[in-house]
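A.B. asks: Below you'll find the structure I mean.
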Amino acid sequence: MRVIGLISGTSMDAIDVAVADLSLDGPTVVLTPVEHAEHPFPEELREPPTSAAELCALDTRLGQAFAEVAARYRGDLVSSLGQTVHHWVEDGRCLGTLQLGQPAWIAEATGLPVVADLRVRDVAAGGHGAPLASTLDALWLAGFDGPATALNIGGIANVTRVTSEGVVAYDTGPGNALMDAAMTALSGGLRTRDTDGGFARRGRVRADLLDRLLADPYYALPAPKSTGKEHFNRAYLDRVTEGLTMPAEDLLATLTELTARTIAAECRGTVIGSGGGMSNPVLVESLARHVDLRTSDELGLPAAGKEAYLAALLGFLTWHGLPANVPSATGAAGPRPLGSITPGRWPLRLPEPAVTAVTGLTISRHARPSGEECQEDGGDRART
């Protein structure tokens, strides 16, 4: 089955898309990366909504933006993780989560069924709805020889470890979030990231600021836990730097080191990195000083497209009636099928639910020709 995965991360720097061939081989999911890409995130959609009318407009326009991207690709199913606009956590417990990007627009534009709203069922079951990367990582790492940690660095960084006691996964803290907030503030909105770590490379780490940052109580919380830009944002940065004066380069160097240190503290064994943060050479160099770092590309899964491939995997599992969360990672009461399905242009033809539990993931490098369909999986055929 060919699945189109969509996501826009908390950095709001792009709409990521990945196309994957997915199939079941007994208890193993076989994932073949076909292609992945980034599409520009609409600049006018970056501002947070302040009223119900603005929320409605944002949900619609994000849905249309996702639809425009999805319509460029061919598949049997679309799976969209959408755009997280709020992740509600109080006293270490997730009470709700909101992802926008109305899937009806995607279904209308592509004619394909769409799996969306993938986090909230886990939250309803007592989980954090994150990190859902643990689903892909736990299956993938199950076949890894020796201790390993899967790492994704987006706006927020998260890790997954498979231990003898089970799967542990959680957000470690800021990935790019504080670096992006700093660059946006320093440039008056003209720049939203420290491209290639240019500022950080010219600066020095300020121990006084780093100590303040590392004192944040989030880092000491036990897993499962999650966080977001609701906590690590511009206002947070203003508070933690109050009374300190330093060059912009030193601020960026210190924030980069914070991300590296807080990630490294939670890693064991070989670290398999992915996500947008892996394109920042200064962050990668700093992290590599602390851990044995490899990229997911080396193991067959493109690092730049991993989150979009995750979206494709989650949709595939839901389509086949399989649980798509890892309760020990998210804190949910048990395994749950995730998301809701919006029909495409034709009646749904769901496959018979899979009866064998999935326990592993294999990354294959041999894609089918793009015109080949998987009718045996019961998916709507692409008619775009």
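The values are calculated or read from the model by the stated rules, or taken from the named source; none is laboratory data. For clarity, every value in this text was computed on a predicted model and none was experimentally measured. Positions of Cβ are backbone-derived with ideal geometry, glycine not excepted, and every protein chain shown enters the neighbour counts. Accessible surface is based on the protein model in full, side chains and every heavy atom, while ligands, DNA and RNA are left aside. Shrake-Rupley method; radii C 1.70, N 1.55, O 1.52, S 1.80 Å.
A.B. asks: Determine the pairs where a residue that is among the charged types (D, E, K, R), located within the stretch 335-348, has a partner that is at pLDDT below 95 and open to solvent by 60 Å² or more (accessible area, probe 1.4 Å) with Cβ atoms under 9 Å apart, the partner being 6 or more residues away or on another chain.
C.D. replies: Correct list of pairs: Arg345/Arg383.
A.B. asks: Next question, about the same structure. Quick check on the stretch 82-140: of everything there that is among the β-branched types (Val, Ile, Thr) and within 27 Å of Ala357 (Cβ to Cβ), which residue is surrounded by the most Cβ atoms within 10 Å (Cβ to Cβ)?
C.D. replies: At the first step, the residues of the stretch 82-140 found to be among the β-branched types (Val, Ile, Thr) are 84-85, 89, 97, 106, 110, 114-115, 120, 123, 135.
Cutting the leftovers down to within 27 Å of Ala357 (Cβ to Cβ) gives us 97, 114-115, 120, 123, 135.
Numbers: Thr97: 24, Val114: 32, Val115: 28, Val120: 18, Val123: 22, Thr135: 26.
Ranking the candidates gives Val114 first.
A.B. asks: In addition: All but one of (1) in a helix (DSSP H, G or I); (2) touching an Asp or Glu at 6+ places or on another chain (Cβ under 9 Å); (3) open to solvent by 20 Å² or more (accessible area, probe 1.4 Å) hold for Ala329, so report the exception by its number.
C.D. replies: (3)
A.B. asks: Taking the condition part of a loop (DSSP other than H, G, I, E, B) and at pLDDT below 95, does Leu322 pass? Lay out the reasoning, then the answer.
C.D. replies: Values: part of a loop (DSSP other than H, G, I, E, B): yes; at pLDDT below 95: no.
The answer is no for Leu322.
A.B. asks: Further, regarding this structure: What do you reckon, is Leu317 crowded, with 24+ Cβ neighbours inside 10 Å, in contact (Cβ under 8 Å) with a residue 60 or more places away in the chain and within 15 Å of Gly175 (Cα to Cα)? Reasoning before the result, please.
C.D. replies: Working: crowded, with 24+ Cβ neighbours inside 10 Å: yes; in contact (Cβ under 8 Å) with a residue 60 or more places away in the chain: yes; within 15 Å of Gly175 (Cα to Cα): no.
No: the conditions fail for Leu317.
A.B. asks: Do you know which residues across the stretch 187-204 are aliphatic (A, V, I, L, M) and at pLDDT below 95? Explain how you work it out, then say what you get.
C.D. replies: Step one: list which residues in the stretch 187-204 are aliphatic (A, V, I, L, M), which gives 190, 200.
Residue satisfying the conditions is Leu190 alone.
A.B. asks: Might you let me know whether the stretch 244-263 holds any residue that is assigned to a loop (DSSP other than H, G, I, E, B), open to solvent by 20 Å² or more (accessible area, probe 1.4 Å) and out of contact with any helix residue (DSSP H, G or I) (no Cβ under 8 Å at 6 or more places or on another chain)?
C.D. replies: yes
A.B. asks: Take the stretch 110-147 and flag every residue that is among the acidic types (Asp, Glu) and at pLDDT 95 or above.
C.D. replies: Narrowing the stretch 110-147 to residues among the acidic types (Asp, Glu): 117, 122, 137, 145.
Of everything in the stretch 110-147, those that are among the acidic types (Asp, Glu) and at pLDDT 95 or above turn out to be Asp117, Asp122.
A.B. asks: Now for a different question. List the residue pairs whose Cβ atoms are under 6 Å apart, where the first residue sits in the stretch 209-238 and is crowded, with 17+ Cβ neighbours inside 10 Å, the second is aromatic (Phe, Trp, Tyr), and the two are 6 or more positions apart or on different chains.
C.D. replies: So the pair list comes out as Ala223/Tyr170; Pro224/Tyr170; Lys225/Tyr170; Thr227/Tyr218.
A.B. asks: Looking at the stretch 101-183, what helices (runs of 4 or more DSSP H) fall wholly within it and have at least 3 residues that are in contact with a helix residue (DSSP H, G or I) (Cβ under 7 Å, 6 or more places away or on another chain)? Let's see the steps before the verdict.
C.D. replies: Working: elements: 103-110, 120-124, 133-141.
In the stretch 101-183, 103-110, 133-141 are the helices (runs of 4 or more DSSP H) which contain 3 or more residues that are in contact with a helix residue (DSSP H, G or I) (Cβ under 7 Å, 6 or more places away or on another chain).
A.B. asks: Which one of Ser286, Ser364 is modelled with pLDDT under 95 and polar (S, T, N, Q)?
C.D. replies: Details: Ser286 fails: modelled with pLDDT under 95.
From the options Ser286, Ser364, the qualifying one is Ser364.
A.B. asks: For the stretch 38-60, which residues satisfy the criterion of being outside any helix (DSSP H, G or I) and either open to solvent by 30 Å² or more (accessible area, probe 1.4 Å) or in contact with a helix residue (DSSP H, G or I) (Cβ under 6 Å, 6 or more places away or on another chain) (or both)?
C.D. replies: To start, the set of residues in the stretch 38-60 that are outside any helix (DSSP H, G or I) comprises 38-42, 46-51.
Once the filter is applied, which keeps residues that are outside any helix (DSSP H, G or I) and either open to solvent by 30 Å² or more (accessible area, probe 1.4 Å) or in contact with a helix residue (DSSP H, G or I) (Cβ under 6 Å, 6 or more places away or on another chain) (or both), the stretch 38-60 yields Glu38, His39, Pro40, Pro42, Arg46, Glu47, Pro48, Pro49, Thr50, Ser51.
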